[in-house]
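Single-structure report; data block below.
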Amino acid sequence: MPITATTRVLGSSPAAAQLIEAVERRTGIRLASVETAPAEIELFVDPNSSAPEGYTLEIGDRAIAVGADEAGLFYGVQTLLQLLRQDDFGWGLLRADVADSPRFPRRGVMLDVARHFFGVDDVKKFIDSTSALKFNHLHLHLSDDQGWRVHIDSWPRLTELSASTSANGDPGGFYTKDDYRKIVDYAAARHMIVIPEIDLPGHTHAIGVAYPELVEAPVMNDNLIADSRRLGQPLPVAGEIYLGWGVGHSSVRIHEERTYDFVRDVVRELAEMTPGPYIHIGGDESLGTPQADFDLFAERATAIVVEAGKTPVAWHEMGSAADIAEGTVGQYWGMTTPEGTHAEEAAHFVERGGALIMSAANVTYLDMKYTEDFPLGLTWAAIIDVRSAYEWEPTTILDVPDTAILGVEAPLWSETTRTLDDVEQLVFPRAAAQAEVAWSPREAPERVWESFRVRLGSLAPLWKAEGVDFHPADEIPWSAR
Ligand code: ACM
């Protein structure tokens with residue numbers, strides 16, 4: 001059907017206004033919003049129409065999108081926007097008859113704002129481009145060895161002293177509480193829940209710059225020393241800002257009560273400004289922390305999150321702790337063929353009544369290079385082309401019931417990304433692969449590489465119009481318009 005300046009949109013949902021704005025950005029055509037029929041495009045919510053977050057979309061001579069809820073209608077609008085095309089006669093919508101709802105309730109992306117800081121406007125743009133792919137969770141990695149990125153009233157030196165730089169000495173920054181709330185609200189308007197992460201007990205060098213009494217002296221390891229030589233980066237020095245990106249050297253003091261005062265205060269303040277149900281407490285790569293200490297910390301820290309009224313989320317290592325808080329959600333970041341104790345650790349979350357998010361590093365990590373010579377990114381987990389990002393199955397990696405898999409999250413670690421354009425080069429198009437793994441039924445006829453690569457290629461004009469700096473991988477037949 002044609003899209004012209006006389007096309008009318010009927011519907012009072014926020015999705016109607018979002019559609020009108022997006023069509024104008026793409027085509028320059030401002031659709032008219034009307035309050036009564038008739039209209040060429042009709043948008044409404046009907047709880048009986050589909051499963052939660054689902055929608056139906058019919059495009060013939062008219063376009064009608066019906067969401068099961070506001071999120072479903074928003075997703076129907078995103079699909080409609082993917083069907084917008086320009087040809088020699090002008091703009092129009094391709095014909096469609098879609099009934100769609102997600103396979104997994106958890107479809108997440110993570111942005112590491114600690115190794116490099118990204119301000120509110122960058123995060124908003126990241127929310128725009130990922131929510132358009134029907135992602136519904138945004139995990140913000142708010143602290144790491146290199147910096148602390150959110151203001152905490154009860155521990156103000158964190159942002160006074162530990163936020164000024166990023167990896168390699170690049171500029172830093174932090175979110176005020178007002179900034180953080182703006183991000184949460186902006187995400188909510190696009191049906192994304194924000195999951196704040198404070199990484200503990202390791203990845204905590206920056207805490208020690210502000211509050212030395214909370215953190216142990218750095219413990220070197222062979223990889224850290226080798227990385228520092230290879231990259232020409234400094235080794236961590238207690239109390240000084242860390243500009244390298246080697247890992248595993250830091251730990252909070254497990255046997256100091258003040259550490260738990262700190263965790264309790266930070267979790268309380270984060271919980272107060274986070275409407276979503278989760279707080280991520282970290283747990284990865286505490287290589288210098290003795291195992292018994294690590295397990296004790298995992299138990300106490302997850303209990304503190306529960307006391308604050310939230311559900312803890314933790315990287316899978318915390319599954320080593322026998323008494324991790326019941327219901328804690330584990331985030332598996334091992335390989336698609338699990339190594340060492342990773343599978344057991346992940347399974348323990350399920351034994352404790354929790355569930356799992358799958359972030360298998362060798363397929364979902366958005367910071368891995370596409371090809372050996374790609375200028376951005378790292379290679380430690382794998383080199384991940386678009387096809388290998390797409391062709392994996394989240395329920396067959398671990399020996400847990402399918403119902404224990406909440407969904408998929410694709411993390412972007414920011415050691416090598418200094419700007420949002422750098423981030424987008426790594427995230428797009430591979431985030432679209434994870435979006436489909438998380439959304440589409442395993443058995444759907446379209447859930448195959450040959451179908452995906454063609455549909456993915458058709459997103460190029462949309463991404464160009466939205467200013468998304470995607471990597472034009474040569475595996476994909478990109479459309480010109
Ligand atoms: C991680 O990649 N260290 C969770």
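The values are calculated or read from the model by the stated rules, or taken from the named source; none is laboratory data. For clarity, every value in this text was computed on a predicted model and none was experimentally measured. Neighbour counts are summed over all protein chains in view; Cβ atoms, including those assigned to glycine, are modelled from backbone coordinates with ideal geometry. Quick note on the areas: whole protein, heavy atoms, side chains included, nothing else; ligands and nucleic acids left out. Shrake-Rupley method; radii C 1.70, N 1.55, O 1.52, S 1.80 Å.
Screening Ala303 with (1) out of contact with any Gly (no Cβ under 7 Å at 6 or more places or on another chain); (2) within 14 Å of the ligand (Cβ to nearest atom); (3) among the aliphatic types (A, V, I, L, M); (4) over 20 Å from Val109 (Cα atoms) gives one miss only, at (2).
Look at (1) out of contact with any strand residue (DSSP E or B) (no Cβ under 7 Å at 6 or more places or on another chain); (2) more than 16 Å from the ligand (Cβ to nearest atom) and you find that Ile405 fails only one, number (1). Taking the criterion of being under 16 Å from Glu240 (Cα atoms) and either open to solvent by 10 Å² or more (accessible area, probe 1.4 Å) or of a type in the set (D, E, K, R) (or both), the residues of region 113-158 that qualify are Arg115, Asp144, Asp145, Arg157. Any residue that is part of a helix (DSSP H, G or I), away from the ligand (no atom under 16 Å from the Cβ) and under 15 Å from His141 (Cα atoms) - is there at least one of those in region 224-236? Checking region 224-236: not a single residue is part of a helix (DSSP H, G or I), away from the ligand (no atom under 16 Å from the Cβ) and under 15 Å from His141 (Cα atoms).
Taking (1) away from the ligand (no atom under 16 Å from the Cβ); (2) open to solvent by 40 Å² or more (accessible area, probe 1.4 Å) in turn, Lys310 satisfies each apart from (2). Scanning region 360-380 for residues that are under 22 Å from Trp315 (Cβ atoms), in a loop (DSSP other than H, G, I, E, B) and either under 18 Å from the mean Cα position of the chain (by Cα) or among the charged types (D, E, K, R) (or both) yields Ala360, Tyr365, Leu366, Asp367, Gly377.
Tally up the residues in region 212-223 that are surrounded by fewer than 18 Cβ atoms within 10 Å (Cβ to Cβ) and assigned to a helix (DSSP H, G or I), please. Qualifying residue count for the region: 4.
Pairing each residue of region 324-340 that is within 17 Å of Asp367 (Cβ to Cβ) and within 12 Å of the ligand (Cβ to nearest atom) with any residue that is open to solvent by less than 40 Å² (accessible area, probe 1.4 Å) and part of a loop (DSSP other than H, G, I, E, B), provided the two are 6+ apart or on different chains, yields C-beta distances under 6 Å for Gln331/Ser359; Trp333/Ser359.
Just to confirm my filter: which helices (runs of 4 or more DSSP H) fall fully inside region 117-211 and include at least 1 residues that are without any contact (Cβ under 8 Å) to a residue 60 or more places away in the chain and basic (Lys, Arg)? Can you show your working first?
Numbers: elements: 120-131, 157-161, 177-188, 205-210.
In region 117-211, the matching helices (runs of 4 or more DSSP H) lie at 157-161.
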